[in-house]
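**Student:** For reference, the structure I am asking about is given below.
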Amino acid sequence: MAEAILAAKRQELALLRRIEERILWLASWTIHNANHLRESRDGLKVGGHQASCASMTTLMTALYMKALRPQDRVAVKPHASPVFHAIQHLFGRQSLEKLKAFRALGGAQSYPSRTKDTDDVDFSTGSVGLGVAMTAFASLAQDYLAARGAVKPEKMGRMISLLGDAELDEGNIYEALIEACKHDIRNTWWIVDYNRQSLDATTQDRMFTRYGEIFEAAGWTVETLKWSKRQREAFAKPGGEALRAWIETAPNDLYAALSYQGGAAWRERLSTDLAGDAHALELIAAYKDVDLGELMTELGGHCMETILEAFERASQDDAPRVFIAYTVKGLRLPFQGHKDNHAGLMTEAQIAELRARLGVVEGEEWDPLSGLSAAEHTALKGLVARAPFAAQVEREHLAPAIPTPSPDALLAAVSGGGEQSTQAAFGKVMFEIARRDDEFAGRVVTTSPDVTVSTNLGGFVNRRGVFQRRAHEDVFKRRRIPSAQVWSKAETGQHVELGIAENNLFIALAALGLTAPLFGERLFPVGTLYDPFIARGLDALNYACYQDARFLLVATPSGLTLAPEGGAHQSIGSPLIGMSQPGLDSYEPAFADETAVLMAHAFGQIQAEQGTSTYLRLSTRVIAQPARTDDAWRRGVVDGAYWLRPPAPGARLAIAYAGALAPEALAAFEAVLEDEPDAGLLAVTSADVLHRDWTDAGRSRWTSGGPRTSTIEALLAPLSRDAGLVTLIDGAPSTLSWLGSVRGMRLRALGLETFGQSGDLPDLYAKYRLDADAILDACADLLL
Ligand SMILES: Cc1ncc(C[n+]2csc(CCOP(=O)(O)OP(=O)(O)O)c2C)c(N)n1
Ligand SMILES: [Mg+2]
């Protein structure tokens, strides 16, 4: 009986090795086809990474064919994309056409993409390090849902990152590791393809063993897959220990160089280095050159059995785990171990040699099972079909739509006019949401990198609590110490408090903003930070948007207007960041009611099919609120602009402002009316939305069958052709200066182009030419 089980196991291992060879083949061939066979029209190198793929095929085969379950989610090392697509093809989830069009328009993407690929990509990757962190935050998001019963315990998945060792140089990984530790995350596997090569070179030896120590310090379980079964067996023989010790102490570059040079070079070097060890020499002599080369290079990360055993051990609990799987970059390919192999491509002759070696029939290169016996063919098909991951389970979910609050409901929270700031208005709306007991309110989740209180989220958190897997009482409250912040921490809490690392905020928003497709449960994530520090997490913000994660980002305070805080905190370029970021509509309201309307809009956009994320750039400046006589402004706020004071037809002058400088614009406008009674005052709430609508209208003439008038063209239409326009924003003036092009008007753009400094508003606005006088000067300039 035991014999039969062992035989079955041996047979399965053989099949897994065979399928792994075919995955290696298909990935290599896909890259070869794109570079050498497909017609090139532009002479550009297409690229693809055959060495990086070969490094990971055993790990990925073991994972996808045995360990992965349908509820698990994976972030694949970006440059192992061809391996991923090859595996998906075997599962019948990726077409041959897409493989043939790898890196071409409409084909399989160079780096796995949630939105552009049609096969089953869980997390996009590309910018190394971000996919790694993403899995930790996806796990946090899953815990958040599990605490609400929205993910059942038996349906909880593992969030798995397959990463390169050089990715471990990315600091964002350690920021995420620290946050993961604080949040006690589980169900997370980080599988490191530890080939000790980066893009440029072999990596420094000095980090050996240190990585394990770092992860252990963070409370992770470390699985080091250093040796293959073949090596362990050889090392157990007389003289074997010397071989093991040699590899253990060899410098990286020497090991890599010998891996490249192969068996004879190994023999020569080992015979010299181990000259005094008769047993070792005898052992080496027992191997043919090829076998010696294979023995020395088949490390743990290339040993199916070793990997499967490690995955099996790891499946016994939900502790976060890092697998340090030793590999050789490009193993089995002609450039294995070569330090320049990152972008290396096999030649025609080399790929033909690989094809012959793996038993693929010439002319049948696209058939991953080509050249196999009928029995093996059937057995391999069976193996793929039996893989737990092959189960026909819906992996991309459709979450039911949740009614979101109407603008009126949120406007009620900021009614009363008077004097308010947009940041305070945001806080009031969130406080109002916290008070509601509808489904929407229960699905709002807030998060902030240690600026919860100073961005006015405190009220929401007081009411809804902080999310923490293990409940923690507010000690200050129990001891009756007065405090404005009552932060009870429990599984039911709806605020995820993060450490200061802004990068983590954006990855957290990416994960929380994807719970609908990933887990079938919609959340409405609201993240806050100081506006200047968006720059700190910019790549992660881009990463979140690239995956079409949906959230509301509230950046406050902003600009020179946070005057006494000084130049280090005054954001200048953030409006341009907002304008240029796809997947993110950016707005800069001036008034409380505008803020409320935009929040209602943003919540709707979070779950709209063609929706988007929203960025609100807010201010702490308290300003007088306008008296509204009708509701027309509401539409304009969302569309990007409206006339706060409409111009008379043929007006020669208009002032356009964004955000907290509204009072200066108004003061200048009142003064201008004496000479230019026809002038208008334009409130711009989104240069971003306005500009996109304008360029789109320009394109529509050719792309969608006819001309249409954009919002901004319609708004500016009453002005005379040669009217002057003065624009004003507490940020980069180029945000608004394009308005002059809409109708070919002359324009003066006021804004910030140099670093600010501490001061009070009158001093700073005067010094940086953002005050009413500056606006009047600009108007005079245009009119004279
Ligand atoms: C943020 C970022 N910087 C640079 C790159 C370019 N790049 C792609 S792969 C790579 C090195 C990868 O080395 P490693 O992670 O060890 O993967 P391997 O190919 O060795 O498996 C670099 C620098 C990138 N993709 N992302
Ligand atoms: Mg590497």
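The values are calculated or read from the model by the stated rules, or taken from the named source; none is laboratory data. For clarity, every value in this text was computed on a predicted model and none was experimentally measured. So basically every Cβ, Gly included, is an ideal-geometry build from the backbone, and we count neighbours across all protein chains shown.
**Student:** Restricting attention to the stretch 189-223, which residues are on the phi > 0 side of the Ramachandran plot, touching a residue at least 24 places away in the same chain (Cβ under 8 Å) and more than 9 Å from ligand 2 (Cβ to nearest atom)? Before you say what the answer is, go through the steps one by one.
**Tutor:** If we filter the stretch 189-223 for residues that are on the phi > 0 side of the Ramachandran plot, which is where we start, we get 196, 209, 219.
Within this subset, residues satisfying the condition of being touching a residue at least 24 places away in the same chain (Cβ under 8 Å) are 196, 219.
Matches in the stretch 189-223: Gly219 only.
Every residue, every condition in (1) touching an Asp or Glu at 6+ places or on another chain (Cβ under 6 Å); (2) over 19 Å from Leu514 (Cβ atoms); (3) more than 16 Å from ligand 2 (Cβ to nearest atom); (4) among the charged types (D, E, K, R), yes or no:
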site	(1), (2), (3), (4)
Ser55	yes, yes, no, no
Arg73	yes, no, yes, yes
Leu99	no, yes, yes, no
Gln109	yes, no, yes, no
Gly131	no, no, no, no
Gln142	no, no, yes, no
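**Student:** From the list Ser161, Ser139, which one is buried (at least 18 other Cβ atoms within 10 Å of the Cβ), modelled with pLDDT of 95 or more, more than 16 Å from ligand 1 (Cβ to nearest atom) and not β-branched (Val, Ile, Thr)?
**Tutor:** Details: Ser161 fails: more than 16 Å from ligand 1 (Cβ to nearest atom).
Residue meeting the stated conditions: Ser139.
**Student:** Continuing with the same structure: Spot the failing condition for Gly583; the list is (1) at negative phi; (2) touching a residue at least 24 places away in the same chain (Cβ under 8 Å); (3) not charged (D, E, K, R), and only one is missed.
**Tutor:** It is condition (1) that Gly583 fails.
**Student:** Would you mind telling me which numbered condition in (1) among the β-branched types (Val, Ile, Thr); (2) crowded, with 24+ Cβ neighbours inside 10 Å; (3) farther than 20 Å from Gln570 by Cα; (4) away from ligand 1 (no atom under 16 Å from the Cβ) Thr492 fails?
**Tutor:** Going through the list (1) among the β-branched types (Val, Ile, Thr); (2) crowded, with 24+ Cβ neighbours inside 10 Å; (3) farther than 20 Å from Gln570 by Cα; (4) away from ligand 1 (no atom under 16 Å from the Cβ), Thr492 breaks only (2).
**Student:** Looking at this structure, is Tyr174 more than 19 Å from the chain's Cα centre (by Cα), at pLDDT 95 or above and either surrounded by fewer than 23 Cβ atoms within 10 Å (Cβ to Cβ) or within 16 Å of ligand 2 (Cβ to nearest atom) (or both)?
**Tutor:** On the way: more than 19 Å from the chain's Cα centre (by Cα): no; at pLDDT 95 or above: yes; either surrounded by fewer than 23 Cβ atoms within 10 Å (Cβ to Cβ) or within 16 Å of ligand 2 (Cβ to nearest atom) (or both): yes.
Spelling it out, it is not the case that Tyr174 is more than 19 Å from the chain's Cα centre (by Cα), at pLDDT 95 or above and either surrounded by fewer than 23 Cβ atoms within 10 Å (Cβ to Cβ) or within 16 Å of ligand 2 (Cβ to nearest atom) (or both).
**Student:** Take the residues in the stretch 396-450 that are within 27 Å of the chain's Cα centre (by Cα) and aliphatic (A, V, I, L, M); name whichever of them is farthest from Leu616 (Cα to Cα).
**Tutor:** Among those residues, the one meeting the criterion is Leu398.
**Student:** To continue, here is another question. For a quick check of your reading: which helices (runs of 4 or more DSSP H) sit entirely within the stretch 209-285 and have at least 2 residues that are among the β-branched types (Val, Ile, Thr)?
**Tutor:** 240-249
**Student:** Could we say that Glu167 is within 16 Å of ligand 2 (Cβ to nearest atom), within 21 Å of Leu541 (Cβ to Cβ) and touching a residue at least 12 places away in the same chain (Cβ under 8 Å) here?
**Tutor:** Values: within 16 Å of ligand 2 (Cβ to nearest atom): yes; within 21 Å of Leu541 (Cβ to Cβ): yes; touching a residue at least 12 places away in the same chain (Cβ under 8 Å): yes.
So Glu167 fits the description; yes.
**Student:** Taking only the stretch 571-627 into account, find how many residues are closer than 21 Å to Phe524 by Cα, surrounded by fewer than 24 Cβ atoms within 10 Å (Cβ to Cβ) and among the small types (Gly, Ala, Ser).
**Tutor:** Here the count works out to 5.
**Student:** Another one. How about the stretch 102-114: which of its residues are more than 16 Å from ligand 1 (Cβ to nearest atom) and either in contact with a helix residue (DSSP H, G or I) (Cβ under 7 Å, 6 or more places away or on another chain) or among the hydrophobic types (A, V, I, L, M, F, W, C) (or both)? Break it down stepwise before answering.
**Tutor:** Start the filter on the stretch 102-114 by keeping residues that are more than 16 Å from ligand 1 (Cβ to nearest atom), which leaves 102, 104-108, 114.
Phe102, Ala104, Leu105, Gly107, Ala108, listed by residue number.
**Student:** Tell me whether the stretch 120-134 contains one or more residues that are among the hydrophobic types (A, V, I, L, M, F, W, C), in contact (Cβ under 8 Å) with a residue 40 or more places away in the chain, within 16 Å of ligand 1 (Cβ to nearest atom) and in contact with a Lys or Arg (Cβ under 6 Å, 6 or more places away or on another chain).
**Tutor:** No.
**Student:** Exactly one condition in (1) surrounded by fewer than 19 Cβ atoms within 10 Å (Cβ to Cβ); (2) in contact with a Phe, Trp or Tyr (Cβ under 6 Å, 6 or more places away or on another chain) is false for Lys237; which is it?
**Tutor:** (2)
**Student:** Take the stretch 12-44 and flag every residue that is free of Cβ contacts under 8 Å to residues at least 40 places away in the same chain and surrounded by 11 or more Cβ atoms within 10 Å (Cβ to Cβ).
**Tutor:** Taking the stretch 12-44 and keeping what is free of Cβ contacts under 8 Å to residues at least 40 places away in the same chain, we get 14, 37, 39-44.
Within the stretch 12-44, Ala14, Leu37, Ser40 qualify.
**Student:** Another question, then. List pairs: first in the stretch 353-365 and in contact (Cβ under 8 Å) with a residue 24 or more places away in the chain, second among the polar types (S, T, N, Q) and part of a helix (DSSP H, G or I), Cβ under 7 Å, 6+ apart or cross-chain?
**Tutor:** Leu354/Ser28
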